[in-house]
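Shown next, in structure tokens, is the structure this report addresses.
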Amino acid sequence: MQYKRILLKLSGEALMGERQYGIDPKRLAEYAKEIKEVVQKGIEVAIVIGGGNIFRGVAGAANGMDRVQGDHMGMLATCINGLALQSALEDEDVHTRLQTALEIKEVAEPYIKRKAIRHLEKGRVVIFGAGTGNPYFTTDTAAVLRAIEIDADAILKGTRVDGIYDVDPEKNKDAVKFESITFKDVIKKGLKVMDMTAFTLSEENKLPIIVFDMNTNGNLMKLVSGEKIGTIVNT
Ligand code: GTP
């Protein structure tokens, strides 16, 4: 196996499947199966999930809502997604723990780094909810932060595109995909992988980012097995 401990970043929007809003149980079940496969291979899996399928703080602010208020709503949305993912994983008999950056301790454990690591060592999937617990930060930043804290080997960013391209592949059919690219080249070429806060945190801590298509069955397994799936951003 290429990786021993991974931080999987899933977008909230991905959970919508074919829907316009909310959670598609079919998509959730597919993700749970994919994750189970890699856990069974002995890979330690931590997950950060977004909340955009329910609420995005930035969108709230665009409509005149106080940004902090909106971000708090977004953080709670990630907890809802975390609970849904936890249930789906438990349906697959995968042991899980949900830890949240905002305390809602009747619902989930508070985030404690050392406890999270123990859970991972015991083969449990740890889902981190509520982002970083602070407004103005994205769940990508939360994913990088947690990945560094738990000493993950890489951050695997599951998206609907299969990697990083020189131009937007959804708008340009001649777009060329990078197999690997350096942090510096991403910036030089003006490519968008994550927001700058998340990206520079990753670069400074030499945490590789792999962007891949999570919606193709078997991709996650192939990736952790060492197959060249998606695009890797490295130093
Ligand atoms: P170890 O005993 O260290 O292997 O871990 P554990 O998670 O099994 O132990 P613990 O006794 O801490 O937790 C038992 C159960 O209670 C688990 O399902 C935890 O997720 C849950 N749990 C622990 N702390 C909290 C909390 O603060 N809030 C909530 N809601 N659940 C918690």
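Couple of notes before you dig in:
- Cβ-Cβ contacts under 6 Å between residues 6 or more apart (or on different chains), taken from a first residue in region 118-141 that is within 12 Å of the ligand (Cβ to nearest atom) to a second residue that is open to solvent by 20 Å² or more (accessible area, probe 1.4 Å) and in a strand (DSSP E or B), are listed as H119/R97; L120/E44; R124/R97; V126/R97.
- The number of residues in region 4-22 that are within 15 Å of I43 (Cα to Cα) and more than 16 Å from the chain's Cα centre (by Cα) comes to 1.
- Residue list for region 88-113, filter: of a type in the set (D, E, K, R) and more than 10 Å from the ligand (Cβ to nearest atom): E90, D91, E92, D93, K113
- Selection of region 194-205 for residues being in contact with a helix residue (DSSP H, G or I) (Cβ under 8 Å, 6 or more places away or on another chain) and either assigned to a helix (DSSP H, G or I) or surrounded by fewer than 20 Cβ atoms within 10 Å (Cβ to Cβ) (or both) yields D195, T197, A198, F199, L201, S202, E203, N205.
- Within region 116-156, being aromatic (F, W, Y) and over 11 Å from the mean Cα position of the chain (by Cα) holds for Y136, F137.
- Taking each residue of region 198-216 that is hydroxyl-bearing (S, T, Y) and looking for partners that are not in a strand (DSSP E or B) with beta-carbon atoms closer than 6 Å, six or more apart or interchain, yields S202/V144.
- Of M73, M1, all but one fail to be in contact with a Phe, Trp or Tyr (Cβ under 8 Å, 6 or more places away or on another chain) and surrounded by fewer than 20 Cβ atoms within 10 Å (Cβ to Cβ); the exception is M73.
- In region 20-43, residue surrounded by the fewest Cβ atoms within 10 Å (Cβ to Cβ) [restricted to those that are in a loop (DSSP other than H, G, I, E, B) and free of Cβ contacts under 8 Å to residues at least 12 places away in the same chain]: Q20
- Test set (1) open to solvent by 80 Å² or more (accessible area, probe 1.4 Å); (2) touching a residue at least 60 places away in the same chain (Cβ under 8 Å) - L220 fails condition number: (1)
- Listed by position, the strands (runs of 3 or more DSSP E) inside region 57-176 whose residues that are closer than 23 Å to N219 by Cβ number at least 3 are 125-129, 154-159.
- Residue list for region 4-19, filter: open to solvent by 30 Å² or more (accessible area, probe 1.4 Å) and touching a residue at least 40 places away in the same chain (Cβ under 8 Å): K4, R5, S11, E13
The values are calculated or read from the model by the stated rules, or taken from the named source; none is laboratory data. The structure presented is a predicted model; accordingly, all values stated were derived computationally and were not measured. Glycine gets a Cβ as well: all are built from the backbone with ideal geometry, and neighbour counts include every protein chain shown. Ligands, DNA and RNA are excluded from the accessible area calculation, which covers all protein heavy atoms including side chains. Shrake-Rupley method; radii C 1.70, N 1.55, O 1.52, S 1.80 Å.
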